Amino acid sequence: MLQLQDVTKSYGAERPTPVLRGVSFTLQAGGFCALLGPSGSGKSTLLQIAGLLDRPSAGHVRLDGEPVEAVSPEAAARLRNRALGFVFQAFHLLPRLRAWENVALPLLYAGTPRAERRPMALAMLAQVGLAARAEHRPAELSGGERQRVAIARALVRRPKLILADEPTGSLDSANAAEVMALLRRLNQQIGVTVLMVTHDRDLAGQCDRRIELLDGRIAADSAPA
Ligand SMILES: Nc1ncnc2c1ncn2[C@@H]1O[C@H](COP(=O)(O)OP(=O)(O)OP(=O)(O)O)[C@@H](O)[C@H]1O
Ligand SMILES: [Mg+2]
């Protein structure tokens, strides 16, 4: 599903500072993997590279079998839209849009006809248990509900891989557990592969696999290649 081979990343042209120093791993389709590590160890950088939002300084990335380093920015954007869903700590919902309209946004960008967008968004909201909140705006939802809307938005185009950067980071423990259970259920029911950054050892313990970064290197991998 996702393969990183000797990925390095440095920031800064004058005095490049290495952030990732040779990271290699392969995620199998259908897996649920936690990415752990102290602040600054390179977790978000790794997710950005895996999500084709940034390029490695060196090394290789394959997504769904396709090498991505040679593709144009346009082709990368197409691949991203087709194959990937993103979930962030801060939800990133548009405040003026209703829950279903937020979920329908990726369909709008993909050119899905107007008449199909609302039923698809409503079906996705039902899958995350929010059918009754479809007309609410983000300010009228709890934190846990907002994140479930964001997860519905990430999944509405049926991506193969969800990249989640601390999806429970701004939630209390009850809501965090609920969001985790939802991701887990979606992973099992629809087979979407999940790579999730978390600082929470309990949540990481519920994943199939744990990869731990330390200073830009893999310090531990519970299921090494
Ligand atoms: N665009 C950038 N330009 C320069 N340095 C950057 C940039 N993005 C990240 N860094 C640096 O790279 C290092 C790794 O950052 P990254 O965001 O990947 O860490 P992280 O593991 O996600 O940390 P956290 O747990 O705090 O989110 C940090 O030292 C950070 O300052
Ligand atoms: Mg981060």
(request) Kindly report, to the nearest 10 Å², the accessible surface of Glu101 as traced by a 1.4 Å probe over protein heavy atoms only. (result) 60
(message) Can you compute the charge dipole magnitude of the chain about its Cα centre, using +1 on each Lys and Arg Cβ and -1 on each Asp and Glu Cβ, nothing else charged? Give it in debye, rounded to the nearest 20.
(response) 600
(message) Ignoring solvent entirely, what values of log10 I(q)/I(0) come out of the Debye formula for region 2-221 at 0.13, 0.15, 0.18 Å⁻¹ when each Cα is a single scatterer?
(response) -0.75, -0.98, -1.32
(request) Just name one of Met124, Val197, Ala13: the one whose Cα is farthest towards the positive end of the charge dipole of region 2-221 (beta-carbon charges, Lys/Arg +1, Asp/Glu -1). (result) Met124
(message) Percent of Cα-Cα pairs more than 18 Å apart in region 101-225, please.
(response) 56
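Using alpha-carbon pairs under 8 Å, 6+ residues apart, how would you state the relative contact order of region 2-221 in percent? Could the numbers behind the result be given before it?
Numbers: 416 pairs, mean separation 66.9, N = 220.
So the answer I get is 30 percent.
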(message) Can you give me the % of accessible surface on region 77-225 that is carbon or sulfur? Probe 1.4 Å, all protein chains present, nothing else counted.
(response) 50
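The values are calculated or read from the model by the stated rules, or taken from the named source; none is laboratory data. This one's a predicted model, so the numbers in the text were calculated from it and none came from an experiment. Cβ atoms come from the backbone with ideal geometry, glycine included; neighbour counts cover every protein chain shown. Only protein heavy atoms, including side chains, enter the accessible area calculation; ligands, DNA and RNA are left aside. Shrake-Rupley method; radii C 1.70, N 1.55, O 1.52, S 1.80 Å.
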